[in-house]
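Here is the structure we will look at, set down as structure tokens.
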Amino acid sequence: MPHRFSVLIALALAALPSPTPAALDTVSVDGGRISGTVANGVRVFKGIPFAAPPVGELRWTTPQPVVPWTGVRVADTFGPACLQEPFPEGSPYAGTGVTKDNPGSEDCLYLNVWSAAAAGGKRPVMVWIHGGGWTRGSGALPDVAAFVKKGVIVVSTNYRLGVFGFLAHPELSAESLRHASGNYGILDQIGALKWVQRNIGAFGGDASRVTIIGESAGSVSVNVIQASPLPKGLFHRAIGESGAQFGSTVGTLVTDEGAGLAFARAAAAESLRALRAAPAEQLLTTPFRTGINVDGHVLPDTIRNLFTRRKHSAVPILVGSNADEWTTFGNPSQYPKTVEAYRQRVERQYGAAVKDYDAAYPVRSPADITNVLLAVGRDNVFTLEMRTWARMATTAGQPAFLYQFTRVPPGPNKGLGAYHAAEIEYVLNLVSGKPWATGVDRRLADVMSSYWVNFATTGDPNGKGLPRWRRYDPAAEPYLELGDAVQGKNHLLKAQLDFLEGLQQRRQP
């Protein structure tokens, strides 16, 4: 994951049980014919290879063409998750990514398709890019039939993670025709988008209406893809939920090649040949700092600079974040317990800007400290990044729609508030099957999923019967609150975000 996002753990929802599926006719795709299943009235194809297995000599190469197969490939099971460490026990995301039933493999470049359209149809397509800090997660979504029946086709994809997806190394750059290395996970995502362009018509999809959508690291991936010149024309709208990289320090190819050399020494495999021959488990358990780099190929410049120079894909965007993002990342047990200790911390951190910091985030008693530090983490890593994305797109002339999700799901994680990734079950209209769901939750899921489907269909989330969602503009700063009530508001956390933005701009190189 990007350096500032390396702690993020967000999202790959656990597969939920569904009715026993029935057999389905075959479909032709790259590599041969596949057969899927029908579940809840939706055609489902799982574990479709979109590239050759990235193993052996293909470890750390751009995605290569699918290896053809003979006969009909049964596509009724998710492909292996990409290699990763599991989420820790006790995490709200535990049980996603790798599981006992899906322990993971280097051979992991598979995607999945859910469609209620007939062949020859022209339904909009949403390509889901999972989160997990670019170190965890998979494309194994739950049963999204209720979402798909609103009029879209959903494609979810795996991509290489951690060292397998983001290692830069001088020997890798030397063998590359582009003299670049790293960013292989992003190239996998672009490879999946290319597959969609070539194949989605067989599932009733419209290749001229493709929306990329992601949460957390998946949202950062959407941000990178929109900035990169490589996938231009492969997608037509973009949705980002809780993740972008305008304020982060992105590595250069030179710095990341140096980190790659250090990794190789630590893994006792100092040449590229030795690295490719090393057991995957040896590489997986060697510490590695996952992140993208400005390689001159996937990213010719930083994301901020590419947007500023209007080199990004000029498509409508829908972006936002949650009210309590930092509750799954912050560690209040390590926060200062007294105002005096807190003052020492913030004065050291903010220096000459501490008075402005205090005005934006006032602490008057020890009881304020935890909430303020959780708010600072939320705003610095998430809320500001999403407002910046909306502002930069709007300045460049593209429609942008900004939201904040504030509903506290009354489920097992209620104590975390509107936590990181909590919105996804509402977006994908999964709430109705939850034992904790109330009428408020079911209505909110219906409204949110309709907004998202409308946006994928037309580039505008608004539709009949929905509260009006105003386009973002930097003067009025409208946004939509998605919570116990759905309502338009203005100037989301303005004092806090303006302070952090000013600080961020002063720190830009």
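Can you name the condition, by its number, that residue 216 falls short on among (1) over 30 Å from residue 33 (Cα atoms); (2) touching a helix residue (DSSP H, G or I) at 6+ places or on another chain (Cβ under 6 Å); (3) at pLDDT 95 or above?
(2)
How many of the residues making up region 110-123 are within 12 Å of residue 149 (Cα to Cα) and in a strand (DSSP E or B)?
Number satisfying all stated conditions: 3.
Can you list the strands (runs of 3 or more DSSP E) lying wholly within region 21-76 that have 1 or more residues being among the aromatic types (Phe, Trp, Tyr) and either loosely packed, with under 15 Cβ neighbours inside 10 Å or within 28 Å of the chain's Cα centre (by Cα) (or both)?
So the answer is 42-49.
Of all residues in region 237-250, how many are at pLDDT 95 or above and out of contact with any Pro (no Cβ under 8 Å at 6 or more places or on another chain)?
Of the residues in that region, 7 qualify.
Restricting attention to region 245-258, which residues are assigned to a helix (DSSP H, G or I) and either touching a helix residue (DSSP H, G or I) at 6+ places or on another chain (Cβ under 6 Å) or surrounded by fewer than 19 Cβ atoms within 10 Å (Cβ to Cβ) (or both)?
254, 255, 257, 258
If only one of 393, 421, 456, 445 is more than 22 Å from residue 360 (Cβ to Cβ), among the aliphatic types (A, V, I, L, M) and without any contact (Cβ under 8 Å) to a residue 24 or more places away in the chain, which one is it?
Result of the check over 393, 421, 456, 445: 445.
Where the second residue is of a type in the set (A, V, I, L, M) and buried (at least 20 other Cβ atoms within 10 Å of the Cβ) and the first is free of Cβ contacts under 8 Å to residues at least 24 places away in the same chain and lies in region 44-72, which pairs have Cβ atoms under 8 Å and are six or more apart or on separate chains?
Taking only residues 6 or more apart or on different chains, the pairs are 64/51.
Could you please let me know if residue 107 is under 18 Å from residue 156 (Cα atoms), assigned to a loop (DSSP other than H, G, I, E, B) and among the acidic types (Asp, Glu)?
yes
Look at residue 87 and say whether it is part of a loop (DSSP other than H, G, I, E, B), closer than 30 Å to residue 410 by Cβ and at pLDDT 95 or above.
No.
Looking only at region 492-509, count how many residues are outside any helix (DSSP H, G or I), over 24 Å from residue 419 (Cβ atoms) and within 25 Å of the chain's Cα centre (by Cα).
Residues in region 492-509 being outside any helix (DSSP H, G or I), over 24 Å from residue 419 (Cβ atoms) and within 25 Å of the chain's Cα centre (by Cα): 1 in total.
Taking region 461-484, which residues are surrounded by fewer than 19 Cβ atoms within 10 Å (Cβ to Cβ) and within 22 Å of residue 424 (Cβ to Cβ)?
462, 463, 466, 467, 483, 484
The values are calculated or read from the model by the stated rules, or taken from the named source; none is laboratory data. Fair warning: this is a prediction, and the values are worked out from it, not measured in the lab. Using ideal geometry, Cβ is built from the backbone for each residue, glycine included, and neighbour counts are taken over all protein chains shown.
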